[in-house]
Amino acid sequence: MTHVTRYSCTKCPFVSTLRNSAWMHERWHAGVKYKCKHCGKEYLRNSTYMLHVRVKHPSDCACNRCGFSFVGEKGLKLHMQIKHHGENLQKLEGPTCEDCDIRFASDTAYEQHMK
């Protein structure tokens with residue numbers, strides 16, 4: 001027989017065996033939300049909020065190697081260090097986005113940026 005920890009809410013009948021699920025539930029009761037500064041939409045999870053911002057409110061912070069976009073410069077810099085560390089950073093000769101004037105390494109990176 002295995003022991004299973006159950007996390008019970010003190011404010012309602014909610015019970016979970018997952019600590020993170022119980023934590024998110026408590027945040028819901030507390031009214032903690034991530035609010036989009038662009039449109040005012042609210043999210044319970046930071047990851048869902050960040051996805052919303054990336055998709056609905058794209059920025060000029062796009063990786064010119066793979067086309068992935070970021071909410072800000074900090075995320076782009078971290079991405080470059082982790083995903084493209086040590087890559088040859090020669091002059092890019094791929095397509096340029098006319099909206100944000102970013103030149104990409106390949107057609108694939110440009111297409112990812114345009115999604």
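Read-outs: derived from the displayed coordinates by stated rules, not from any lab. As the structure is a prediction and not an experimental result, all values here were calculated from the model.
Counted residue by residue at 0.36 nm each, then reduced by the alpha carbon distance between them, the extension gain from GLU111 to HIS3 reaches 33.9 nm. Stokes-Einstein diffusion for the range 60-114 at 37 °C, viscosity 0.692 mPa s, with a Kirkwood radius from C-alpha pairs, works out to 294 µm²/s.
Considering only alpha-carbon pairs that sit under 8 angstrom and 6 or more positions apart, the relative contact order computed for the chain is 16 percent. Within the chain, the percentage of alpha carbon pairs spaced more than 22 angstrom apart rounds to 52%. The stretch between GLN81 and VAL55 holds 7.1 nm of extra length on full extension. This uses 0.36 nm per residue minus the Cα-Cα distance.
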